[in-house]
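Rule-based calculations on the coordinates, nothing more; no lab input. Given the structure is predicted, the values throughout are model-derived calculations rather than measurements. We place every Cβ from the backbone using ideal geometry, glycine too, and count neighbours over all the protein chains shown.
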Amino acid sequence: MTSEDHPFPGDPTPTNDYDSFSEAYAAENEASLMNAYYERPTVLELAGEVAGRRILDAGCGSGPLFAALRDRGAIVTGIDASAGMLEQARRRLGTDADLRLADLAEPLPFPDDSFDDVVASLVLHYLRDWEPTLAELRRVLRTGGRLIASVDHPFAINLMHRLSGPRPDYFATYNWTEEWNLGGRPARMSFWHRPLHAMTDAFTAAGFRISVISEPKPVPAARELFPDGFRLLNTFPSFLFFVVRAD
């Protein structure tokens, strides 16, 4: 494993092409162990009481987290870089939902201090450079506002790579790819591994104060529905969660 991309040999398909599998991904995300019984409940628990709070769902996808926050009384705006995923979100949320096409690697289309909270659910690990994105998220948050973020757990990812053959440097920031199966079709995905200290350094450099670092377990209901996956996640983390405040 090096710092370079690892494409599938002979596969010209671009990585992270959510437009091409948006419907299949939306269906998978709706009820999967990793999303519905592990990641999303943790984000909602960390968010706590959100009634009346202005929340940016950064990388909203098909909108399940947007819907859950809105049901709890939040005033939610969703952004995503995939038009296909936003179409899935509009079907779920209705035409009056505030959904916008925007790339987290680019300046955001909002004034300063627009939001009380930002949720970034499993999205930062797609970015090579966190600095400009975190600067923009800090800009659109009011002072004292929260960024609630979930990412692939760096130790789990690095261990997976070591067990599969290569022995990458945990302390390096490197790109890696894998192939998902969605709706019977392969989807090539690209991510960036970075060590924990690089994440915390990036948050503090952007003007955030770290409040919570969480390594949760799946919700108990997953035990009967996904017994094998539950046993794994109940003893070894897959995702890492942060709550950081805008100073």
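The table that follows gives values for the structure above.
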item: Debye log10 I(q)/I(0) for the range 53-164, one point scatterer per Cα, at q = 0.15, 0.19, 0.20 Å⁻¹; result: -0.65, -0.97, -1.05
item: Size of charge dipole - the chain - debye, nearest 20, with Cβ of Lys, Arg +1 and Asp, Glu -1, no other charges; result: 600
item: Segment Ala205-Leu225, length gained on full extension (0.36 nm per residue, minus Cα span); result: 3.1 nm
item: Förster-model FRET efficiency, 35 Å R0, Trp180 and Asp113, C-beta, rounded to 0.05; result: 0.40
item: Theoretical FRET efficiency, 1/(1+(r/R0)^6), r = Cβ-Cβ of Leu232 and Glu30, R0 22 Å, to 0.05; result: 0.55
item: Environment charge of Ala89, counting only residues whose C-beta is closer than 10 Å and scoring Lys/Arg +1, Asp/Glu -1; result: 0
item: Contact order relative to length of the range 38-99, as percent, for alpha carbon pairs under 8 angstrom and 6 or more apart; result: 33
item: Two-site FRET efficiency, Ser20 against Leu163, from Cβ-Cβ distance with R₀ of 41 Å, rounded to 0.05; result: 0.85
item: Most fluctuating residue given options Phe115, Phe66, Phe171, as computed from a GNM of the chain linking Cα atoms under 10 Å; result: Phe171
item: Principal semi-axes in Å for the chain [√(5λ), Cα gyration tensor, largest first]; result: 26, 22, 20
item: Alpha-carbon spread of the range 199-247, three principal axes, descending order, Å; result: 42, 15, 11
